[in-house]
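Asks: Have a look at this one.
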Amino acid sequence: MSRWLPSPLATLGLLALWLLLNQSASPGHLLLGGILGLLGPLMLRRLEVPPLKLRRPGAILRLLGSFITDMVRSNIAVARTILLNRAGRTAGFVRVPLRLRSPYGLATLACIITATPGTSWVSYDPATGMLVIHVLDLTEGDDWAALIERRYAGLLVEIFE
């Protein structure tokens with residue numbers, strides 16, 4: 001069974017995503033979604049993606065809460081920066097050492113950082129664990145490395161490692 005259906009949850013997820021994107025549950029879309037749902041996990045198996053193991057699902061809720069709070073704060077701060085055209089605003093790059101090594105955790109952190117207005121994921125060196133981000137408004141006293149480690153990376157380590 002696992003040879004033809006390596007990941008039943010991924011199969012169901014792809015089928016549901018296909019039906020949602022097409023906004024139809026017609027027989028043709030069910031068939032196409034089913035085929036994509038079967039082929040997708042088979043292709044991923046060839047990429048040798050490590051299996052996903054969630055260690056502490058409760059930490060997901062804390063991470064989601066932190067992300068939503070930071071998203072709202074960041075939207076307000078970026079809007080204020082742009083609308084008020086503050087003089088002396090300094091954009092720059094920040095190096096952040098990470099202890100997080102899980103590919104799923106790193107992908108989640110990349111999505112969080114890039115989706116938060118005012119920050120962008122620039123690069124990551126897996127050999128050293130060094131992340132480089134770009135920040136729109138660097139202010140004195142902001143310790144981005146501590147902020148990312150405390151609010152996101154620590155929770156992602158709990159969840160994925």
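Please treat every number below as a calculation from the coordinates, not as lab data. These numbers were taken from a predicted model, which means no experiment stands behind them. Don't worry about glycine lacking a Cβ; one is built from the backbone with ideal geometry, like all the others, and counts go over all protein chains shown.
Asks: Round to the nearest 10 and give me the degree value, 0 to 90, for the angle of helix 27-46's Cα axis relative to the longest principal axis of the chain.
Replies: Helix 27-46 sits at roughly 70 degrees to that axis.
Asks: For ARG62 and MET43 in one chain, what is 0.36 nm times their gap in residues minus the Cα-Cα distance, to one decimal in nm?
Replies: Extending this stretch completely gives an extra 3.6 nm.
Asks: Then there's this: Between (1) 43; (2) 23; (3) 15, which matches percent of Cα pairs over 27 Å apart calculated for the structure shown?
Replies: (1)
Asks: Here is a further query. What is the distance, in nm, between label points placed 7 Å from the Cα along the Cα-to-Cβ direction at ALA115 and at SER24?
Replies: Here the answer is 2.9 nm between the modelled labels.
Asks: How far is helix 103-115 tilted, in degrees, relative to the longest principal axis of the Cα atoms in the chain, given as a value from 0 to 90 rounded to the nearest 10?
Replies: The two axes meet at around 50 degrees.
Asks: Hey, what did the chain get for relative contact order, percent, Cα under 8 Å, at least 6 apart?
Replies: This gives 26 percent for the chain.
Asks: Also, I was wondering about something else. Quick one: grab the alpha carbon gyration tensor of region 1-66, order the square roots of its eigenvalues as a ≥ b ≥ c, and give me rounded if a/c is under 1.5, else prolate or oblate depending on whether a/b is larger than b/c.
Replies: It comes out oblate by the Cα gyration axes.
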